[in-house]
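One structure is given below, encoded as structure tokens.
The values are calculated or read from the model by the stated rules, or taken from the named source; none is laboratory data. A quick note: this is a predicted structure, and the numbers were derived from the prediction, not measured. For neighbour counting, all protein chains shown are included, and Cβ atoms are generated from backbone atoms with ideal geometry for every residue, glycine included. The protein model used for the area step is the full one, side chains on, heavy atoms only, and it has no ligands, DNA or RNA in it. Shrake-Rupley method; radii C 1.70, N 1.55, O 1.52, S 1.80 Å.
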Amino acid sequence: MRDLTLLPKAHLHLHFTGSMRVPTVLEMADRHGLHLPEVFRSQWPPELTEAADARGWFRFQRLYDAARACVRSEADMRRIVREAAEDDHAEGSRWLEIQVDPTSYGPFVGGITPALEIVLDEARAVSAEAAAGGPVSPVAVVVAASRMRHPLDARALARLAAHHAGDGPGSVVGFGLSNDERRGVTPEFAGAFRIAHAAGLALVPHAGELLGPEAVVETLDALHPDRLGHGVRSVEDPAVLDRVVEQQVALEVCPGSNVALGVYDDAPQVPLRRLVDAGATIALGADDPLLFGSRLVDQYRTARDVHGLPDETVAELARGSIRASRAPRTLREQMLGEVDAWLATPT
Ligand SMILES: [Zn+2]
């Protein structure tokens, strides 16, 4: 069996708070004198099933907010970027696009602009180490607006993201829309996405996890995404799946997230094979390993062990993540070559 941690891949769906290691959250809570729900110490990862209903999502959101509340200094924010880059590197990720909503951290560091600049500055530092051969992945940033806030807030974030737009590590490379898919009115965020598009950012809103294909259609129509966070429920309407494939919208598929949130009962139910068979471009992602208890390489293990995909197909998933990324062209070509080399190694 080929070692999946050695398969080069890009990680395109990882949230800033959700990337944290449990011991890091506990340390930060202790240092800031904050109380965390007992489940963080007693039974981790937490049971989130039934979370696809409003009550379960509430549990997910409550734990997520508790973890996020522990992040309240520049040092905390830098540590999160660094540890995400270390953990990703250990799993064969050669390019990480970490998704952050700076709104949550602004109050502790002087506003959303410094909050984003801290993340970018640490991403640049880490990426320089990666370029020198250090044990970290290069890191770029996706700025994500929240569906829970006013669309004008999303526009302000899009302008901030546009200001830091670039095409290399340590830059903002994408603009997203996250949080409870059932909240907010998708077309109202179109203005923010137009700003991001004009700046050359990848458009990467969430859609099609908690809601079905109609939400995917609405998002395609209103926001013109390059990729969809999740999008797995496109399979429920063949015409929608056809459109996703035809328009070459990549899907950031996060099987561990889907199961933990109760979107599917268990791992075999995640329609990965149907998406593959339809010809979709897929980038596997961990979403929120802090809460779901599975990291990037676990998603690739699921593809092979649960869905029975042969290494040729698993390698194609890695290629999909690389092609759908905003990694610089030379790095993408290098990574694709290394995927071929991985596949050429004897089992
Ligand atoms: Zn997500």
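Things to note:
- Across the range 265-339, Cα-Cα pairs more than 20 Å apart make up 33 percent of the total.
- Highest average first, the peptides 333-343, 38-48 ordered by how many other beta carbon atoms sit within 10 Å of their residues are 333-343, 38-48.
- Trypsin sites (Lys or Arg not before Pro) lying in DSSP loop within the range 155-235, provided at most 16 other Cβ fall within 10 Å: Arg182, Arg183
- Debye intensity ratio in log₁₀ form over the Cα atoms of the range 18-114, taken at each q of 0.18, 0.23 Å⁻¹: -0.98, -1.29
- Stokes-Einstein D for the range 196-346, Kirkwood Rh over Cα pairs, 37 °C, 0.692 mPa s (µm²/s): 208 µm²/s
- Ile112 - accessible surface, heavy atoms, 1.4 Å probe, Å² rounded to 10: 60 Å²
- Using a Förster distance of 22 Å, the FRET efficiency for Val245-Ala90 (Cβ separation, nearest 0.05): 0.10
- Relative counts (whole %) of C-alpha pair distances in the chain, using bins that are 10 Å wide: 6, 27, 38, 25, 5, 0
- Extension gain from Arg183 to Asp65, taking 0.36 nm per residue of separation minus the Cα-Cα distance: 40.8 nm
- Between Asp265 and Asp221, the distance separating the two model label sites (each 7 Å from Cα on the Cα→Cβ line) works out to 3.3 nm.
- In the chain, a dipole from Cβ-located charges (positive for Lys and Arg, negative for Asp and Glu) runs towards its positive end, and of Ala67, Ser93, Thr345 it is Ala67 whose Cα lies farthest in that direction.
- Relative contact order (%) - the chain, alpha-carbon pairs under 8 angstrom, separation at least six: 21 percent
- As a rough guide to protection, the peptides 94-107, 163-176 ranked by mean Cβ packing within 10 Å, highest first, stand as 94-107, 163-176.
- Multiplying the residue separation of Asp277 and Phe108 by 0.36 nm and removing their Cα-Cα distance gives an extension gain of 56.2 nm.
- Put a dot 7 Å past the Cα of Ala128, heading toward its Cβ, do the same for Glu316, and the two dots end up 4.2 nm apart.
- Length added when fully stretched, Ser42-Glu333, from 0.36 nm per residue minus Cα-Cα: 100.3 nm
- Protection-proxy order for peptides 251-260, 26-35, 119-128, 84-93, each taking the mean of Cβ atoms within 10 Å per residue, highest first: 251-260, 84-93, 119-128, 26-35
- Positive minus negative residues near Pro135 (Lys, Arg vs Asp, Glu; Cβ under 9 Å): -2
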